[in-house]
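**Q** The structure that follows is given in the form of structure tokens.
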Amino acid sequence: MAGQKSNEMWGGRFAEGPDAIMRAINASIGFDRRLASQDIAGSLAHVDMLGATGIVDKADAKQIKAGLETVLREIQSGDFSFSEALEDIHMNVEARLRDLIGPAAGRLHTARSRNDQVATDFRLWVRDQLDGADAAITALMQALLGQAEKGVDWVMPGFTHLQSAQPVTWGHHMMAYVEMFSRDLGRIRDARRRMNESPLGAAALAGTSFPIDRDMTAKALGFDRPCANSLDAVSDRDFALEFLSVSSICAMHLSRLSEELVIWSTAQFRFVRLSDRFSTGSSIMPQKKNPDAAELIRAKIGRIMGANVALMIVMKGLALTYSKDMQEDKEPVFDAADNLFLALAAMTGMVNDMTAVPETLKAAAGAGFATATDLADWLVREKGLAFRDAHHVTGALVALAETKDCALHELTLSDMQSVNDEIDEGVYSVLSVENSVASRMSYGGTAPEQVRFQIKRWKEILEQ
Ligand code: ARG
């Protein structure tokens, strides 16, 4: 049938069917079949409303409903044959409904258009992804909390410019990511709240002359309310853009954590051991254990952010309301969602499985004169120096230690006094990495006591 006669859904004014190339560029069934269950949920809500308001008589509504349920079962069990000639999921479902129940199927599309239909389907689909991301990010936060608890007071180097800066704790470093992912979670919840309005009933663009009940369909589909402007309802895809934008930010966070795991798992660092379950070997070098999962997660931002840019550019400059350009909204979102979930699951598995090595962390923590700031602070606190002067004195002590090839705490008191004669024995108390981190008691600081407080706070929040 395809191509031989005009389209059975809209072919009334067409003498000829579409060219094969036209069909190929026009059809979306190859990908929008992923909206099948949302499409049928939308139709069920619509037909219930048509029956309840008397727009369609009750017997027809009942028959349509039963038919839609059969179509859904066929799709779910893989018995459904999708047709490119029928363009998209909406017309595939409706055509099958007609096969099953006959002419009554033609009443389903009363007071509706594919424009509000697809806007509804896609919102429902994106809403499911937001809910899935909510759960997946929560699981990752729990994995990070587990790591933080295990090494709440393990000292390690904190870096700026990837140079040793000041000692911090493993727990503190893990909790930094908990904060980051919690903001992703917040953005997801914000986006969900904003997008949860029903486009159904906007019809093609102007609303409808039928006495529909939009509150009823909105409620049936779990929306908070119907969209208040029919033109906007069929036009905008900002809800999908928000999903892509929060996904991009989340993927960026995942990418940074991945990069750290890649660095930390090298033979040079040995801060963490990744489990076999989340590593791969090399086909030529028998000793290799590669952090492939971390590398792939690090790269996912490319396609997720790419999807965000792609859809933004599709939508840019489109006059209201619907244009077929908007059919290009789905594939980037599908791909981004699939990859975000894969990345989140892989990261959660990797974090749960990995083992930090406290000895190596500690050995590295003191490297690079990491307690120099503690020394400068001591000069300010104990000897009344201005911070700028203390900074200068400490710099001279670091230079001295460098020429003697020793650590700060290995300088003798007379070495110290050769730089500043006010320095006394007390200084050694601040040069150990443990004392350094324990002293960082400011709110949000790296002292184990502060980190414990944050872990407790987050556990309580996540338990709710
Ligand atoms: N397959 C279409 C899409 O995804 C459905 C809407 C079609 N509407 C139209 N006016 N041609 O955008």
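**Q** Any residue in segment 71-86 that is aliphatic (A, V, I, L, M) and surrounded by fewer than 19 Cβ atoms within 10 Å (Cβ to Cβ)? Steps first, answer last, please.
**A** So the first thing to find is which residues in segment 71-86 are aliphatic (A, V, I, L, M), and the list is 71-72, 75, 85-86.
Cutting the leftovers down to surrounded by fewer than 19 Cβ atoms within 10 Å (Cβ to Cβ) gives us none.
No: zero hits.
**Q** Can you work out which of the residues in segment 5-42 that are closer than 21 Å to LEU124 by Cα and acidic (Asp, Glu) is surrounded by the fewest Cβ atoms within 10 Å (Cβ to Cβ)?
**A** ASP32
**Q** When segment 223-248 is examined, which residues are found to be part of a helix (DSSP H, G or I) and surrounded by fewer than 17 Cβ atoms within 10 Å (Cβ to Cβ)? Give the steps one after another, and end with the answer.
**A** Looking only at segment 223-248, we keep the residues that are part of a helix (DSSP H, G or I), and these are 230-235, 238-248.
LEU231, ASP238, listed by residue number.
**Q** Could you tell me which numbered condition SER275 fails, if it satisfies all but one of (1) in contact with an Asp or Glu (Cβ under 8 Å, 6 or more places away or on another chain); (2) open to solvent by 40 Å² or more (accessible area, probe 1.4 Å); (3) modelled with pLDDT under 95?
**A** Only one criterion in (1) in contact with an Asp or Glu (Cβ under 8 Å, 6 or more places away or on another chain); (2) open to solvent by 40 Å² or more (accessible area, probe 1.4 Å); (3) modelled with pLDDT under 95 is unmet by SER275, namely (2).
**Q** May I pose another question? Which ones in segment 401-419 are in contact with a Leu (Cβ under 7 Å, 6 or more places away or on another chain) and either open to solvent by less than 100 Å² (accessible area, probe 1.4 Å) or among the β-branched types (Val, Ile, Thr) (or both)?
**A** Matches in segment 401-419: ALA401, LEU408, LEU411, ASP415, MET416, VAL419.
**Q** Further question on the same structure: If I ask for residues that are open to solvent by 80 Å² or more (accessible area, probe 1.4 Å), away from the ligand (no atom under 16 Å from the Cβ) and of a type in the set (A, V, I, L, M), which ones from segment 306-334 would you list?
**A** MET312, ILE313
**Q** Hey, which of the helices (runs of 4 or more DSSP H) in segment 350-464, taking only ones fully inside, have at least 2 residues that are acidic (Asp, Glu)?
**A** Numbers: elements: 358-365, 372-383, 387-404, 413-419, 433-439, 448-463.
Of the helices (runs of 4 or more DSSP H) lying wholly inside segment 350-464, those with at least 2 residues that are acidic (Asp, Glu) span 372-383, 387-404, 448-463.
**Q** Now a separate question. Output the number of the condition that ALA267 fails; it satisfies all remaining conditions of (1) closer than 21 Å to ARG256 by Cα; (2) assigned to a helix (DSSP H, G or I).
**A** (2)
**Q** Within segment 348-395, count every residue that is of a type in the set (Phe, Trp, Tyr) and under 30 Å from ILE297 (Cβ atoms). Talk me through it step by step, then tell me what you get.
**A** Filtering segment 348-395 down to residues of a type in the set (Phe, Trp, Tyr) leaves 369, 378, 387.
Still in the list and also under 30 Å from ILE297 (Cβ atoms): none.
Of the residues in that region, 0 qualify.
**Q** Among the residues of segment 111-126, which ones are more than 9 Å from the ligand (Cβ to nearest atom), open to solvent by 10 Å² or more (accessible area, probe 1.4 Å) and either without any contact (Cβ under 8 Å) to a residue 24 or more places away in the chain or within 10 Å of PRO199 (Cα to Cα) (or both)?
**A** Listed by number, the list holds a single entry, ARG123.
**Q** Please state which one of ARG237, ARG256 is within 16 Å of the ligand (Cβ to nearest atom) and among the charged types (D, E, K, R).
**A** Numbers: ARG256 fails: within 16 Å of the ligand (Cβ to nearest atom).
Criteria check complete, one pass: ARG237.
**Q** So which pairs qualify, if the first residue must be in segment 308-327 and of a type in the set (Gly, Ala, Ser), the second must be crowded, with 18+ Cβ neighbours inside 10 Å, the Cβ gap must be under 7 Å, and the two must be at least 6 apart or on different chains?
**A** ALA310/PRO332
**Q** Being away from the ligand (no atom under 16 Å from the Cβ) and open to solvent by 10 Å² or more (accessible area, probe 1.4 Å) is the filter here, so list the residues in segment 208-222 that pass it. Spell out how you get there, then give the answer.
**A** In the first step, residues of segment 208-222 are kept if they are away from the ligand (no atom under 16 Å from the Cβ); the result is 209-222.
Of everything in segment 208-222, those that are away from the ligand (no atom under 16 Å from the Cβ) and open to solvent by 10 Å² or more (accessible area, probe 1.4 Å) turn out to be SER209, PHE210, PRO211, ILE212, ASP213, ARG214, ASP215, MET216, LYS219, ALA220, LEU221, GLY222.
**Q** Within segment 95-104, is there a residue that is part of a helix (DSSP H, G or I), surrounded by fewer than 22 Cβ atoms within 10 Å (Cβ to Cβ) and either on the phi > 0 side of the Ramachandran plot or at pLDDT below 95 (or both)?
**A** Within segment 95-104, the subset part of a helix (DSSP H, G or I) is 95-104.
Applying the additional criterion that residues be surrounded by fewer than 22 Cβ atoms within 10 Å (Cβ to Cβ) yields 95, 98-104.
The next check asks that each one be either on the phi > 0 side of the Ramachandran plot or at pLDDT below 95 (or both); those that pass are 102.
Yes - at least one qualifying residue is present in segment 95-104.
**Q** If you don't mind, another one. Which is part of a strand (DSSP E or B) and more than 16 Å from the ligand (Cβ to nearest atom), of MET180, MET156? Please lay out each step first, then the result.
**A** Working: MET180 fails: part of a strand (DSSP E or B).
One residue alone meets the criteria, MET156.
The values are calculated or read from the model by the stated rules, or taken from the named source; none is laboratory data. Remember, it's a predicted structure, so these values are computed and weren't measured experimentally. When we count neighbours, we look across all protein chains shown, and the Cβ atoms used for this are built from the backbone with ideal geometry, even at glycine. All accessible areas refer to the heavy atoms of the entire protein, side chains included, with ligands and DNA or RNA removed. Shrake-Rupley method; radii C 1.70, N 1.55, O 1.52, S 1.80 Å.
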